[in-house]
Amino acid sequence: MSDETPGRREGHVEPSAEVLEELAGLFGPEPERTDNPDRPDDVVTIVDVSLVDVSLVDVSLVDAAHDSGSVTVVDQSDVADNEATDNDARVLPFPSAPTDAGPPGPVGGAGADPLIVIEDEPDLPSDRDVDPRFEERRRAWARRDRLKRVRWLKIALILLGLVVFALAVMASPLFGIRTFVMEGNVYTADETVAEVRDILEGSSIFTADITRARRVLLGDPWVSEVRITTHFPSRVVVEVSERVPVVWYVGTDGKARMVDARGKVIAVLDGFPTKYLQVKGTGPEVPAGGAADDAYRAAAQLVLALPDELRPKVTALDLSPAGELSMVLKGDTLVRFGTPTGLQDKLVAVVVLLRRQDPRTIAVIDVSAGEPTVLGR
């Protein structure tokens, strides 16, 4: 037999005097113990917890009771029974070490753990708990966004209105062209000038169809370059650069065709001009504004390249049916250039030769092969 006191289990530790005194101050004097053979001796009896404010219980006391190996738990069913008797509560032992417990049993059933109610169910936030300032800020942001969209829409409408107004003003007769000035035209056809005047006069200087007027002028065979400028509020100046005739030839139709340095046929004349050098022979019937053969373009470039000491001595040019180019000097001296290639070098050789000899003693100068060959009279 053990020397331990009957009814005391091994490992049980009596609460200290300080703990008992503090519990007595919280729950009142300890009730007298009665000898009950059906109840274990290692159970501490406390008063009904439902009659005491739980918030006043010191947590350290619960920890001390846990360390001592037992804790007092109030069973709600026992509390109801004890209210009719002596308000005693059944105390369950607290295990000294946690064990792997299985799934909890049904509440209130046989062998079920006692139910401990700590506090009521927490209140969930409702619409009434929302801060009214938050809602006000949300409405303010939405209102600000609407105002911003409206502001940008107003700005776009204002800009559109300004553009329409500007276009209407620029196209109005207020800035219509009333002064038309034409410069540089000598041989330009009068019909061309009149058509350009009709296009520009009366239209606004901002919206005048300058491109069309320029196209009409360039369609004239005599016009080489065009520049059109408008001057506020109602003046337009048209400047043209006309082509310069260099040579002329007679076509198969018997009409003279004037050719510039680029080989462009400037005009077709019934008579024969005397101011420009003639390319003898018969050429194709090219209309005014068309391009002549390369041989006539080479002849025109040769004439422009003549030095001042040789130009007065040239009376005409000749183009054979085979396409060979020749030059006739005063005194009937003939200079043969052959095919119109390398004319610059051939011309230099002729000039050097004529500086050394009198052309009146020379009948033919042949530079078609590059080196000059002289045939005397």
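The values are calculated or read from the model by the stated rules, or taken from the named source; none is laboratory data. Because the structure is a prediction, the values reported are computed rather than measured. Using ideal geometry, Cβ is built from the backbone for each residue, glycine included, and neighbour counts are taken over all protein chains shown. Note: accessible area is taken over every heavy atom of the protein model, side chains too, but ligands, DNA and RNA are not part of it. Shrake-Rupley method; radii C 1.70, N 1.55, O 1.52, S 1.80 Å.
Structure summary
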| quantity | calculated |
| --- | --- |
| Exclusive hit being modelled with pLDDT of 85 or more, assigned to a loop (DSSP other than H, G, I, E, B) and polar (S, T, N, Q), set 192, 229, 211, 207 | 207 |
| Which numbered condition residue 331 fails, given (1) modelled with pLDDT under 90; (2) under 17 Å from residue 369 (Cα atoms) | (2) |
| Qualifying residues in the stretch 236-269 (those that are of a type in the set (D, E, K, R) and over 19 Å from residue 186 (Cα atoms)) - the one least open to solvent (accessible area, probe 1.4 Å) | 253 |
| Which numbered condition residue 284 fails, given (1) at pLDDT 95 or above; (2) open to solvent by 30 Å² or more (accessible area, probe 1.4 Å) | (1) |
| Single residue of the stretch 165-216 satisfying the filter (among the hydrophobic types (A, V, I, L, M, F, W, C) and over 22 Å from residue 232 (Cβ atoms)) that is most open to solvent (accessible area, probe 1.4 Å) | 186 |
| One residue from 303, 265, 244, 286 being hydrophobic (A, V, I, L, M, F, W, C), without any contact (Cβ under 8 Å) to a residue 60 or more places away in the chain and assigned to a strand (DSSP E or B) | 265 |
| Test for residue 318: is it part of a helix (DSSP H, G or I) and modelled with pLDDT of 90 or more | no |
